[in-house]
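*Asks:* First the structure, then my questions, so here it is.
Nothing in this text is a laboratory measurement; each read-out follows from the coordinates by a stated rule. For clarity, every value in this text was computed on a predicted model and none was experimentally measured. Don't worry about glycine lacking a Cβ; one is built from the backbone with ideal geometry, like all the others, and counts go over all protein chains shown.
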Amino acid sequence: MEKIRLQKAIADAGLASRRKAEEWITEGKITVNGIPAVIGQKVDPETDKIALNGEPVVISPKKNIYIMLYKPEGCVCTVQDDLGRQTVMEYVQDIHTRIFPVGRLDYNTEGLLLLTNDGDFANRITHPKNKIEKTYMAHVRGGAFTKEELNTLKQGVMLEDGRTQPAKVRVDTVYNNGTTLIEIVITEGRNRQVRRMLEAVGHPVLALKRTKIGFLQLGNLPYGKWRHLNPQEIKKLKEN
Ligand code: URA
């Protein structure tokens, strides 16, 4: 088999993103034929013996898997949690390939989460330069938003880590208990971004749900359930 860069081989094996693989290589966690690997090293996945933390990594010509999960609240978007919290992987147990979540939703956020073993695909969906829209419905404290608050959300909110990219917002429902349901569409994926944006304009989030990634909708997938993406959906997401 043709030699490919080690970080790509690891990503292709569905173990991690290329970026994560580079971190592992830098941290000395990866060996090739028993020798600590270096960034940029090329390997033949069929003949070279690659190991992560001493455990052999099987890199066979792989079948890519793409699934969507209706992530429930109360679980983390990692393959394993150091704090022993429930992870999203517990909801997709009957997939017999190593897959990982594409980006993250907070512990208390529910909604559309993609999982795959395709590192390139995961990178494409999450990288801010690709500006793939992520749509959220946020139930927030406070009645009707002012024009200024909506404009700030649309034009960019100044957060600790810089101003957010322009967002789309639409007030869905103003409830008579002094709370509001608002739709917000962002193209970045900073940590707790939607919560921080809404908090910054005086509307703390009570509940948050992601309903769409690009054109892909959660639809009527039941809470906590998953399904495979169909070939058209996969193609369209890759073209996005
Ligand atoms: N923004 C948030 O604040 N939380 C999420 O889980 C996703 C986006």
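*Asks:* Using the Cα centre of the chain as the reference point, and only Cβ charges (+1 on K/R, -1 on D/E), how large is the resulting charge dipole? Debye, rounded to the nearest 20.
*Replies:* Approximately 600 debye in magnitude.
*Asks:* Moving to a separate point now. To the nearest 0.05, what FRET efficiency results for Arg227 and Gln165 with a Förster distance of 25 Å applied to their C-beta separation? Spell out each step's value before the answer.
*Replies:* On the way: r = 30 Å, r/R0 = 1.21.
Between Arg227 and Gln165 the formula returns 0.25.
*Asks:* Same structure again: For the pairs Lys134/Lys225; Lys168/Lys212; Lys42/Lys235, flag any whose C-alpha to C-alpha distance is greater than 22 Å.
*Replies:* Flagged as over cut-off: Lys42/Lys235.
*Asks:* Rounded to the nearest 500, what is the 222 nm mean residue ellipticity of the chain from helices alone, with -39500 (n - 2.57) per DSSP H run of 4+ residues and division by all residues?
*Replies:* The helix contribution divided over the chain gives -5500 deg cm²/dmol.
*Asks:* Given the options Lys131, Lys42, Lys147, which has the most mean-square fluctuation in a GNM of the chain, springs set between C-alpha atoms less than 10 angstrom apart?
*Replies:* Lys147
*Asks:* For the pair Arg190 and His96, what calculated FRET efficiency results from E = 1/(1 + (r/R0)^6), where r is the Cβ-Cβ distance and R0 = 41 Å, to the nearest 0.05?
*Replies:* Using R0 = 41 Å, I get an efficiency of 0.75.
*Asks:* Something else: Residue by residue, what Karplus-based ³J(HN,Hα) values in Hz, rounded to whole numbers, does the range 115-130 have, using 6.51, -1.76 and 1.60 with θ = phi - 60° and x for Gly and Pro?
*Replies:* Whole-Hz 3J(HN,Hα) from phi for the range 115-130: 10, 7, 10, 9, x, 5, 4, 4, 4, 4, 5, 8, 5, x, 5, 7.
*Asks:* Continuing with this model, one more query. So the label point goes 7 Å from the Cα of Ile4 along Cα→C-beta, right? Which residues of the range 40-82 then have their backbone N under 11 Å from it?
*Replies:* 43-46, 59-64
*Asks:* With all distinct Cα pairs included, what does the Kirkwood hydrodynamic radius of the range 35-87 come out to in Å, to one decimal, could you say? Each step should come with its number before you reach the end.
*Replies:* Values: mean 1/r = 0.0676 Å⁻¹.
For the range 35-87, the Kirkwood estimate is 14.8 Å.
*Asks:* Take the alpha carbon gyration tensor of the range 4-56, find the square roots of its eigenvalues, order them as a ≥ b ≥ c, and report rounded if a/c is under 1.5; if not, report prolate when a/b exceeds b/c, else oblate. It would help to have the intermediate numbers written out before the result.
*Replies:* Working: a/c = 1.31, a/b = 1.08, b/c = 1.22.
In terms of gyration-tensor shape, rounded.
*Asks:* How big is D for the range 133-213, in µm² s⁻¹ as a whole number, if Stokes-Einstein is applied with the Kirkwood radius of its Cα pairs at 25 °C and 0.890 mPa s?
*Replies:* For the chosen part, D equals 198 µm²/s.
*Asks:* Sticking with the crude label model, points 7 Å out along Cα→Cβ, report the distance from Tyr175 to Glu73 in nm, one decimal please.
*Replies:* 1.1 nm
*Asks:* Take the Cα gyration tensor of the chain, multiply each eigenvalue by 5, square-root it, and list the three semi-axes largest first, rounded to whole angstrom.
*Replies:* Each semi-axis is the square root of five times an eigenvalue, giving 37, 19, 16 Å.
*Asks:* Across the range 99-112, in residue order, what do the Karplus-derived ³J(HN,Hα) couplings come to in whole Hz, using 6.51 cos²θ - 1.76 cosθ + 1.60 with θ = phi - 60° and x for Gly and Pro?
*Replies:* Per residue, the Karplus-derived 3J(HN,Hα) values read 10, 8, x, 8, x, 9, 10, 4, 3, 9, 9, 10, x, 5 Hz.
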